[in-house]
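Here's the structure, in structure tokens; my notes come after.
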Amino acid sequence: MTENDKQTEEKIFEAATEVFEEKGMDGARMQDIANHAGINKALLHYYYRTKDHLFNAVFEKLARKLFMKFEPVFKENLTLEEKIRFFYREHITFLQENPRLPVFILNEINRNPARIKKLLKNVDFKKLWALLAEQHKDELKKYNITEKSIPQIMTSIAALSVFPFAARGILEGIFENLGVDFDNYIEERKEFAADFVLKAITR
């Protein structure tokens, strides 16, 4: 692939990401993506033969970017509390930069559950839990966190950062009546969510 090919493909990918995030798989058209990328439709089909092919590439990359924000949980040089606080700072900042992403991914997971199962099939969750248990044996015992309870804890942790973005339209309407600025609320949530989780596991 030449440098020009790489640049064109990158331009297509960026345009497709914006169009798919805005309109979803069913609402997006290849002509929309071509127009957004500033190329003709024939050239778009040269790089990506079908909308399904292009969508799969976009969805998998965006989903991986979102799930990668869980990676700090498995770094050895942070305490459990530091990992929780780091996660919320990084994850919420990422969602501030990609506000349409949670709704986009949730919609497509519901539309095509097999797609996310394909992404996760190579993840060894037993191994990840074993690593976490090894790194934080004393802390997990202190907080009574077990392998059985970890799915509840992990989904609760994720929901505290994802839900405000997924429900932004509703929350902004409520907050407007309360005189609360949504952007300020999100900034405060980076610390609030971490404090909330830490209080919940230490009670």
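All of the numbers you see were taken from the coordinates with simple rules; none came from a lab. Predicted model, so just to flag it, every value in this text is computed and none were measured. Glycine gets a Cβ as well: all are built from the backbone with ideal geometry, and neighbour counts include every protein chain shown.
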Relative contact order as a percentage, the range 37-193, C-alpha pairs under 8 Å and 6+ apart, gives 28 percent
Output the peptides 109-115, 50-56 sorted from most to least packed, where packing is the average of other Cβ atoms within 10 Å over each peptide's residues. 50-56, 109-115
If each DSSP helix of 4+ residues adds -39,500 (n - 2.57) and the sum is divided by the residues in the chain, what number results at 222 nm, nearest 500 deg cm²/dmol? -25000 deg cm²/dmol
Specify the angular offset, from 0 to 90 degrees and rounded to the nearest 10, of the alpha carbon long axis of helix 150-166 from the longest principal axis of the alpha carbons in the chain. 50 degrees
Between the range 97-141 and the range 24-45, the alpha-carbon center distance in angstrom: 31 Å
